[in-house]
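Student: This is the structure I want to talk about, given as structure tokens.
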Amino acid sequence: MDSLTIIKPDDWHLHVRDGDALKDIIPHTAKRFARAIIMPNLKPPVTTTEQAQAYRQRIVDAVPNDIHFQPLMTLYLTDNMPADEINRAKDSGIVFAVKYYPAGATTNSDAGVTDLKKTYAVLERMQQLEMPLLIHGEVTDPNIDVFDREAVFIDTILKPLLKDFPNLKVVLEHITTEQAVDFVMSAPNNIAATITPHHLLYNRNQMFQGGIKPHYYCLPILKREKHRQALIKAATSGNSKFFLGTDSAPHPQSKKETACGCAGMYSAHAAIEMYAEVFDENNALDKLEGFASLYGPEFYRLPVNTDKINLLKQAQTIPASYQFANETLIPLKAGETIQWKLQ
Ligand code: DOR
Ligand code: ZN
């Protein structure tokens, strides 16, 4: 197959930052995706519906006039979010989920949750109003090996949480392990997961290939090959619990190539093309549309998009860098050739 037409996909996990950087990166997503779930880990974080409304407007203003793109906003869960915020969020019609960062787990998570019990009134309301909880599933205990943090989170935090809130809609975001795949697969239908292009493309060796490679550092960190294989199997299985979420997370070059570099890979510039490459290599192009365009809307109970995109099996070289406000952004696969192209 050398061309593929699919319903225009959505990105169910995206970081677009704020300010001048927006106009440099939003067009990449808007060309490929009709909608995206926008992560709220700004500084300060987006914790109220009012802040989400203002942030949404800044994003909309950065979308080129000739492209139709809908940002789906989220709120950042904190220890002291009032339960009524969930009603305000639901009533606004622009907030579609709440993001849970364990405090200290990743970029701008200092204001995250220190103890889930403190958020139980909010979670109760979310369960009642069918507002999905999007989970960064890693424990933060420095005694737990960084490669085990997701698996330990599932056993020690997620399982007890779901016992207390059996009907809460949950997306385990950017899953990276066989344990997460198995857990989601055997969980009831209110539990789903997103999978990134980078966790499908790379195992942890990539971070150390010929030297230390900061552009392959993200959280959750890349894992062993057997985990990557489990993710590929899940993504290409046609199981509607697994859908597309890029976790494209831009940082300026100066904050990646440094002694204490930020976590995150930027993939928005060629995300659907990279997924197509993985699905093609695994003889599963027929499963791409479900993963990219159908299962997400089904979980979020949103209409499926009506537009289509065409993908061509045609080599393209990824630019070495992009502008990022007054800095430089090094994209995933910078300077490399990939086999699929958006028409
Ligand atoms: O690699 C990551 N980057 N993981 C996250 O959880 C956050 C993200 C970011 O915002 O940079
Ligand atoms: Zn993220």
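The values are calculated or read from the model by the stated rules, or taken from the named source; none is laboratory data. Note that the structure is a prediction, hence the values are computed from the model and not measured. FYI the Cβ positions are ideal-geometry reconstructions off the backbone, even for glycines, and counts take in every protein chain you see. These accessible areas exclude ligands, DNA and RNA; they are computed on the full protein's heavy atoms, side chains included. Shrake-Rupley method; radii C 1.70, N 1.55, O 1.52, S 1.80 Å.
Student: Quick check: anything in the range 257-274 under 20 Å from Pro297 (Cα atoms) and away from ligand 1 (no atom under 14 Å from the Cβ)? Even if it seems obvious, please write down each step before you answer.
Tutor: Residues of the range 257-274 that are under 20 Å from Pro297 (Cα atoms), as a first pass: 268, 271-272.
Checking the rest, the ones that are also away from ligand 1 (no atom under 14 Å from the Cβ) come to 271-272.
Yes, some residue in the range 257-274 is under 20 Å from Pro297 (Cα atoms) and away from ligand 1 (no atom under 14 Å from the Cβ).
Student: For the range 54-89, give me each residue that is closer than 20 Å to Leu133 by Cβ and surrounded by fewer than 17 Cβ atoms within 10 Å (Cβ to Cβ).
Tutor: Correct list: Asp79, Asn80, Pro82, Ala83, Asp84, Asn87, Arg88.
Student: Can you name every residue in the range 87-124 that is closer than 23 Å to Asn167 by Cβ and outside any helix (DSSP H, G or I)? Let's see the steps before the verdict.
Tutor: Just the residues of the range 87-124 that are closer than 23 Å to Asn167 by Cβ, to begin with: 87-93, 95-102, 113, 115-124.
Selection gives Gly93, Val95, Phe96, Ala97, Val98, Lys99, Tyr100, Tyr101, Pro102, Val113, Asp115.
Student: On to the next question. Answer yes if at least one residue in the range 291-305 is at pLDDT 95 or above, within 24 Å of Gln206 (Cβ to Cβ) and buried (at least 16 other Cβ atoms within 10 Å of the Cβ), and no otherwise.
Tutor: So in the range 291-305, the residues at pLDDT 95 or above come out as 291-305.
From the residues that got through so far, the ones that are within 24 Å of Gln206 (Cβ to Cβ) too are 291-292.
Restricting the remaining residues to those that are buried (at least 16 other Cβ atoms within 10 Å of the Cβ) gives 291-292.
Yes, the range 291-305 contains at least one residue that is at pLDDT 95 or above, within 24 Å of Gln206 (Cβ to Cβ) and buried (at least 16 other Cβ atoms within 10 Å of the Cβ).
Student: Related question: Given the residues Ile37, Ile59, which is the only one that is modelled with pLDDT of 95 or more, in contact with a strand residue (DSSP E or B) (Cβ under 9 Å, 6 or more places away or on another chain) and under 30 Å from Ala284 (Cα atoms)? Give the steps one after another, and end with the answer.
Tutor: Details: Ile59 fails: under 30 Å from Ala284 (Cα atoms).
Selected residue: Ile37, the only one of Ile37, Ile59 that is modelled with pLDDT of 95 or more, in contact with a strand residue (DSSP E or B) (Cβ under 9 Å, 6 or more places away or on another chain) and under 30 Å from Ala284 (Cα atoms).
Student: Kindly check whether there is at least one residue in the range 278-297 that is within 16 Å of ligand 1 (Cβ to nearest atom), outside any helix (DSSP H, G or I) and of a type in the set (Gly, Ala, Ser). Don't jump to the end; show me each part of the working.
Tutor: Step one: list which residues in the range 278-297 are within 16 Å of ligand 1 (Cβ to nearest atom), which gives none.
No, the range 278-297 contains no residue that is within 16 Å of ligand 1 (Cβ to nearest atom), outside any helix (DSSP H, G or I) and of a type in the set (Gly, Ala, Ser).
Student: Something else now. Which count do you get for residues in the range 38-48 that are away from ligand 2 (no atom under 13 Å from the Cβ) and surrounded by fewer than 21 Cβ atoms within 10 Å (Cβ to Cβ)?
Tutor: 4
Student: Residue under question is Ala259, and the condition is that it be away from ligand 2 (no atom under 16 Å from the Cβ) and touching a residue at least 12 places away in the same chain (Cβ under 8 Å); does it hold? Talk me through it step by step, then tell me what you get.
Tutor: On the way: away from ligand 2 (no atom under 16 Å from the Cβ): yes; touching a residue at least 12 places away in the same chain (Cβ under 8 Å): no.
So Ala259 fails the test.
Per-residue answers, yes or no, for (1) in contact with a strand residue (DSSP E or B) (Cβ under 9 Å, 6 or more places away or on another chain); (2) part of a helix (DSSP H, G or I); (3) away from ligand 2 (no atom under 16 Å from the Cβ):
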site	(1), (2), (3)
His199	no, yes, no
Gln206	no, yes, yes
Pro220	no, no, no
Lys223	no, no, yes
His227	no, yes, yes
Gly238	no, no, yes
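Student: Turning to a different aspect of this structure: Taking the range 131-153, which residues are in a helix (DSSP H, G or I), in contact (Cβ under 8 Å) with a residue 60 or more places away in the chain and open to solvent by less than 20 Å² (accessible area, probe 1.4 Å)? If you could, list the steps in order and put the result at the bottom.
Tutor: As a first pass, look at the range 131-153 and keep what is in a helix (DSSP H, G or I): 146-153.
If we keep only those that are in contact (Cβ under 8 Å) with a residue 60 or more places away in the chain too, we end up with 146-147, 149-150.
The one that is in a helix (DSSP H, G or I), in contact (Cβ under 8 Å) with a residue 60 or more places away in the chain and open to solvent by less than 20 Å² (accessible area, probe 1.4 Å): Glu150.
Student: Quickly run through the range 41-63 and pick out the residues that are assigned to a helix (DSSP H, G or I) and within 16 Å of ligand 1 (Cβ to nearest atom).
Tutor: Of the range 41-63, the ones assigned to a helix (DSSP H, G or I) are 49-62.
Hits for the range 41-63 are Tyr55, Ile59.
Student: Return the total of residues in the range 215-230 being open to solvent by 70 Å² or more (accessible area, probe 1.4 Å), over 19 Å from Phe279 (Cα atoms) and of a type outside the set (Phe, Trp, Tyr).
Tutor: Filtering the range 215-230 for residues open to solvent by 70 Å² or more (accessible area, probe 1.4 Å) gives 217, 224, 226, 229.
Keeping just the survivors that are over 19 Å from Phe279 (Cα atoms) gives 217, 224.
Cutting the leftovers down to of a type outside the set (Phe, Trp, Tyr) gives us 224.
Number of matching residues: 1.
Student: I'm told Ile212 meets every condition in (1) open to solvent by less than 30 Å² (accessible area, probe 1.4 Å); (2) outside any helix (DSSP H, G or I); (3) under 23 Å from Pro250 (Cβ atoms) except one. Can you identify the failing condition by its number?
Tutor: Ile212 satisfies all of (1) open to solvent by less than 30 Å² (accessible area, probe 1.4 Å); (2) outside any helix (DSSP H, G or I); (3) under 23 Å from Pro250 (Cβ atoms) except (1).
Student: Let me ask something else. List, please: which pairs have Cβ atoms under 8 Å, are six or more places apart or on different chains, and start with a residue in the range 170-183 that is within 17 Å of His13 (Cα to Cα) and end with one that is of a type in the set (A, V, I, L, M, F, W, C) and in a loop (DSSP other than H, G, I, E, B)?
Tutor: Sorted first by the residue in the range 170-183, then by its partner, the pairs are Thr176/Ile221; Thr176/Leu222.
Student: Got a number for residues in the range 155-188 being outside any helix (DSSP H, G or I), open to solvent by 30 Å² or more (accessible area, probe 1.4 Å) and of a type in the set (Ser, Thr, Tyr)?
Tutor: So the count comes out to 0.
Student: Can you tell me which residues in the range 18-33 are surrounded by fewer than 20 Cβ atoms within 10 Å (Cβ to Cβ) and either in a loop (DSSP other than H, G, I, E, B) or among the basic types (Lys, Arg) (or both)?
Tutor: Listed by number, the residues that qualify are Asp18, Gly19, Asp20, Lys23, Lys31.
Student: I'd like the residue in the range 243-271 that is of a type in the set (A, V, I, L, M, F, W, C) and over 13 Å from the mean Cα position of the chain (by Cα) and, out of all such residues, is farthest from Met207 (Cα to Cα). Can you show your working first?
Tutor: Of the range 243-271, the ones of a type in the set (A, V, I, L, M, F, W, C) are 243-244, 249, 259-260, 262-263, 265, 268, 270-271.
Retained after the next criterion (residues that are over 13 Å from the mean Cα position of the chain (by Cα)): 259-260, 262-263, 270.
On the way: Ala259: 15, Cys260: 15, Cys262: 14, Ala263: 12, Ala270: 20 Å.
By that ranking, first place goes to Ala270.
Student: Select, from Lys241, Lys213, the only residue that is among the charged types (D, E, K, R) and either touching a residue at least 12 places away in the same chain (Cβ under 8 Å) or within 13 Å of ligand 1 (Cβ to nearest atom) (or both).
Tutor: On the way: Lys213 fails: either touching a residue at least 12 places away in the same chain (Cβ under 8 Å) or within 13 Å of ligand 1 (Cβ to nearest atom) (or both).
The conditions single out Lys241.
Student: Can you name the number of the only condition in (1) open to solvent by less than 20 Å² (accessible area, probe 1.4 Å); (2) acidic (Asp, Glu); (3) under 30 Å from Ile144 (Cα atoms) that Glu273 fails?
Tutor: (3)
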